[in-house]
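Take a look at the structure below.
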Amino acid sequence: MSSASVHPETEALRAEICRVGQSLYERGYVHASAGNISARTPDGLLITPTDACLGTLTPQVLALVAPDTSPRGAGVPGEADNWDFGVGAGFYLDATQAPWNAHWRMESYLTHELLPLLAQHLPIDLERVGIFGHSMGGHGALTLALRHPGMFKSLSALAPISAPTRCSWGRKAFTGYLGSDAGEWRQHDASVLMASQEVPPYPGGILIDQGLADKFLLEKQLLPEAFEAACAQAGQPLTLRRQPGYDHGYYFVQSFIGDHLHHHAQQLR
């Protein structure tokens with residue numbers, strides 16, 4: 001979340017842009033992401049995010065940062081041979097196995113490199129940072145939040161891989177990146193990490209949305225019920241919304257991302 005002060009007229013324009021976007025969307029003039037709305041302000045230009053749904057815009061002063069899912073162009077042999085391992089599938093951990101350990105260090109990149117860089121060059125308040133993600137990114141959000149206590153003040157996820165040690169996606173990735181030590185795998189399993197908490201790490205609540213028509217849910221790759229049980233064991237408040245008719249795709253994300261932004265804005269005040 002930004003720590004910079006905002007001109008009162010800019011705040012009013014921000015709210016008005018959200019109102020106009022919602023009005024256009026509700027009357028059927030735009031569908032999902034249909035261009036941008038902009039306004040000139042006393043201190044610059046205010047413009048809606050590219051590809052954002054105009055019907056779910058919120059006026060909160062949030063800086064949304066979307067890091068990649070893995071390194072790119074590292075030249076590791078076979079890095080792009082599989083869609084669920086290597087390029088595009090870094091699982092937000094630091095690999096310990098060669099040849100991946102030289103470059104596949106997404107956990108260190110995000111927590112020790114990217115966040116300090118953002119604070120150094122942008123008006124970002126590191127005391128008010130939340131984390132959320134979708135699918136493998138949801139796994140990353142949950143595990144990084146639990147592995148780095150205090151770093152993230154709010155947490156949510158959309159269709160996350162909630163128990164990777166129990167699904168084929170996770171076992172494949174962990175074997176390749178971390179080796180055969182199942183104990184090491186458990187350090188990157190959100191359900192295991194949550195079950196070990198002595199006090200609820202997010203007393204304000206965690207939000208998760210899961211589509212019930214998601215083929216990966218049906219194939220037992222996501223296992224939200226495991227994280228739900230772990231939260232109950234730890235006394236962690238969890239809102240797990242099971243959404244009928246929604247699959248794993250980006251329309252699902254776009255339908256509910258506004259609620260997640262609102263969730264973080266409320267907790268990062």
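Quick notes on this structure:
- Test for ASP51: is it outside any helix (DSSP H, G or I), within 24 Å of the chain's Cα centre (by Cα) and modelled with pLDDT under 80: yes
- Residues (under 20 Å from ALA157 (Cα atoms) and either of a type outside the set (Asp, Glu) or out of contact with any Leu (no Cβ under 7 Å at 6 or more places or on another chain) (or both)) located in region 87-108: GLY88, ALA89, GLY90, PHE91, TYR92, LEU93, MET106
- Number of residues in region 100-115 that are surrounded by fewer than 22 Cβ atoms within 10 Å (Cβ to Cβ), touching a helix residue (DSSP H, G or I) at 6+ places or on another chain (Cβ under 9 Å) and of a type in the set (A, V, I, L, M, F, W, C): the value is 1.
- Count of region 76-90 residues which are open to solvent by 60 Å² or more (accessible area, probe 1.4 Å) and assigned to a loop (DSSP other than H, G, I, E, B): 4
- Candidates TYR202, TYR177 - the one that is within 28 Å of LEU261 (Cβ to Cβ), out of contact with any Cys (no Cβ under 6 Å at 6 or more places or on another chain) and of a type in the set (Ser, Thr, Tyr): TYR202
- So ARG14, is it open to solvent by 60 Å² or more (accessible area, probe 1.4 Å) and at pLDDT 80 or above: no
- Some residue of region 34-41 being open to solvent by 40 Å² or more (accessible area, probe 1.4 Å) and either within 30 Å of GLN187 (Cα to Cα) or at pLDDT 85 or above (or both): yes
- Verdict on LEU118 being touching a strand residue (DSSP E or B) at 6+ places or on another chain (Cβ under 9 Å), surrounded by fewer than 18 Cβ atoms within 10 Å (Cβ to Cβ) and farther than 21 Å from LYS172 by Cβ: yes
- Residues in region 97-128 that are hydrophobic (A, V, I, L, M, F, W, C), without any contact (Cβ under 8 Å) to a residue 60 or more places away in the chain and part of a helix (DSSP H, G or I) were compared, and the one that is nearest to CYS167 (Cα to Cα) is MET106.
- Counting only strands (runs of 3 or more DSSP E) that sit completely within region 129-228, those holding 3 or more residues that are open to solvent by 10 Å² or more (accessible area, probe 1.4 Å) correspond to 130-134.
- Residues located in region 238-269, provided they are within 22 Å of GLU127 (Cβ to Cβ) and outside any helix (DSSP H, G or I): LEU268, ARG269
- When ALA102, ALA163, ALA141 are screened for being aliphatic (A, V, I, L, M) and more than 19 Å from ALA190 (Cβ to Cβ), only ALA102 passes.
- SER70 being touching a Gly at 6+ places or on another chain (Cβ under 7 Å) and either part of a helix (DSSP H, G or I) or closer than 28 Å to ASP209 by Cβ (or both): yes
The values are calculated or read from the model by the stated rules, or taken from the named source; none is laboratory data. No experiment lies behind these values; they were computed from the predicted model shown. FYI the Cβ positions are ideal-geometry reconstructions off the backbone, even for glycines, and counts take in every protein chain you see. Surface accessibility is based on the protein's heavy atoms, side chains included, excluding ligands, DNA and RNA. Shrake-Rupley method; radii C 1.70, N 1.55, O 1.52, S 1.80 Å.
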